[in-house]
1. Confirm whether residue 40 is within 24 Å of residue 262 (Cβ to Cβ) and either out of contact with any helix residue (DSSP H, G or I) (no Cβ under 9 Å at 6 or more places or on another chain) or at pLDDT below 90 (or both).
2. Show me the helices (runs of 4 or more DSSP H) found entirely inside region 155-257 where at least 2 residues are in contact (Cβ under 8 Å) with a residue 24 or more places away in the chain.
3. What tally of residues in region 29-54 results from selecting those that are open to solvent by 90 Å² or more (accessible area, probe 1.4 Å) and farther than 18 Å from residue 238 by Cβ?
4. Hey, could you check region 241-285 for residues that are over 30 Å from residue 199 (Cα atoms), modelled with pLDDT under 85 and not polar (S, T, N, Q) and say which is farthest from the chain's Cα centre (by Cα)?
Amino acid sequence: MSTSTISLRLSARNNPLAAIGVVLVSIFTIFAIFAPLIAPQDPAQIDLPHRLAGPSMLHWCGTDELGRDISSRLIYGARISMLVGTCVVAASLFLGLIIGSIAGYYGGGMDRFVNIVVMNAFLSFPGILLAIAFVAFRGPGIFNLVLALSLGGWVGYARLVRAQVLATRDREYVQAARALGASDGRVIVRHILPNIIQPIIVQAAIGMAGAILAEATMSFLGLGVPPPTASWGSMLNDGRSHLFDAPHLVLFPAAAVMLAVLAFNFIGDALRDYLDPRSRIEVGL
């Protein structure tokens, strides 16, 4: 048995929440990729005679106010949440890596301008308000939603990257690379970023939870993907008027959002502990 396999088993044994998070994320990923094959029915099929029906063998999670199968819409909603979350984190991380690396590596006036002026300007407004204003101006849709959520999401990654680059740029191996004539871009990409990637990975995993929750919030407000596309947030919005006579319309989408957010938070906490050498020594890894 390989060392990596033993480490994974020990990690799962010492951190069962991480194992639960991996299982949940795997399930949501499978739903997102194979939704047309897994969904028992067409998520947009209207069946008014069976509207607001409770969970049954035919409709595992019941039906909504138009008779659409909630379980199928939950499966297709995982596709929207995972797609938007992944794109938002990727775009925010890309911008954060570029801006944070430049500010941290060059320092001086460049660092003061980026850190004090640009970042603080974005942080002065709540990210969700920026996203709401952007989507209200541009209109709903997946592309506009990703841009809106990335508009304020890059700042956290940029500040983290800047702090890590500031602590790394004067290390011996960086100075040696400069002495050998390596360009600034090569020093950043080949020597600095690989050595600061651990906290960035943790931040990205936790950022996925925030992106999924933000997408559900925007869809709940009617600023996400347009209907009849299934989305957990829009399902919550549609079901709130039937909270007392058909609570399953709210309970199942809310549970899906909760489980997805918890799963990525569990994984982020586990990665933080696993990538910290002191924590690994404490658990015998």
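1. no
2. Fully inside region 155-257 and qualifying: 197-220, 232-239.
3. Residues in region 29-54 being open to solvent by 90 Å² or more (accessible area, probe 1.4 Å) and farther than 18 Å from residue 238 by Cβ: 4 in total.
4. My answer is 245.
Okay, residues lined up against (1) open to solvent by 60 Å² or more (accessible area, probe 1.4 Å); (2) at positive phi; (3) part of a helix (DSSP H, G or I); (4) not hydrophobic (A, V, I, L, M, F, W, C):
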position: 24; (1), (2), (3), (4): no, no, yes, no
position: 27; (1), (2), (3), (4): yes, no, yes, no
position: 56; (1), (2), (3), (4): no, no, no, yes
position: 77; (1), (2), (3), (4): no, no, yes, yes
position: 80; (1), (2), (3), (4): no, no, yes, no
position: 88; (1), (2), (3), (4): no, no, yes, no
position: 92; (1), (2), (3), (4): no, no, yes, yes
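The values are calculated or read from the model by the stated rules, or taken from the named source; none is laboratory data. Since this is a predicted model, take the numbers as computed values, not measurements. All Cβ positions, even for glycine, are placed from backbone atoms using ideal geometry, and neighbour counts span all protein chains on display. Accessible surface is based on the protein model in full, side chains and every heavy atom, while ligands, DNA and RNA are left aside. Shrake-Rupley method; radii C 1.70, N 1.55, O 1.52, S 1.80 Å.
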